[in-house]
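First the structure, in the form of structure tokens, and then the observations on it.
The values are calculated or read from the model by the stated rules, or taken from the named source; none is laboratory data. Everything numeric here is computed off the predicted structure, so don't read it as measured data. Here Cβ is always computed from backbone atoms with ideal geometry, including for glycine, and neighbour counts include all displayed protein chains. These accessible areas exclude ligands, DNA and RNA; they are computed on the full protein's heavy atoms, side chains included. Shrake-Rupley method; radii C 1.70, N 1.55, O 1.52, S 1.80 Å.
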Amino acid sequence: QVQVVESGGGSVQPGESLSISCEASGNFWRVGEMGWYRPAPGKQRELVARISSGANPNYADSVRGRFTITIDNLKNIVYLQMNSLTPEDTGVYYCNAVLKPDWRSNWTDYWGQGTRVTVSS
């Protein structure tokens, strides 16, 4: 059983900062990549940022330079530090973990329930 659980989120004013985190736990062999996604017009979800062990992180153009994603590979926790937030950053942020349940299986997507971020004055 794999669980992906987000924490953090909340309401802030424009220009403020917020941090959210996500932990992948349970019975699995290895995490390949973790990241954050949010709903976007015309899309189910769009990439915000993602990171895998030993590789440079990827960011959406809209958040590059403001958001920083990091990962604790020992604890399988991914963090997203969000600075200079704007109302356009408002939404539910979903954590994604790409992992192998066991060494023979394919890489599989697991999703958290989402955590809400509201940026409003």
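Couple of notes before you dig in:
- The chain, accessible surface, carbon-and-sulfur percent (1.4 angstrom probe): 43
- The Rg/Rh ratio for the chain, using Cα coordinates for both the radius of gyration and the Kirkwood hydrodynamic radius, is 0.98.
- Heavy-atom SASA rank of V63, V5 (probe 1.4 Å, accessible area, largest first): V5, V63
- About the centre of its Cα atoms, the chain shows a dipole size close to 220 debye [charges on the beta carbon of Lys, Arg (+1) and Asp, Glu (-1) only; nearest 20 debye].
- Directionally averaged projected area (convex hull, Cα atoms, segment 45-115), nm²: 5.6
- V5/D61 FRET efficiency (R0 22 Å; Cβ-Cβ; nearest 0.05): 0.20
- Accessible surface for the chain, divided over its residues, is 56 Å² per residue with a 1.4 Å probe.
- Relative contact order (%) - criterion: Cα under 8 Å, at least six apart; region: the chain: 36
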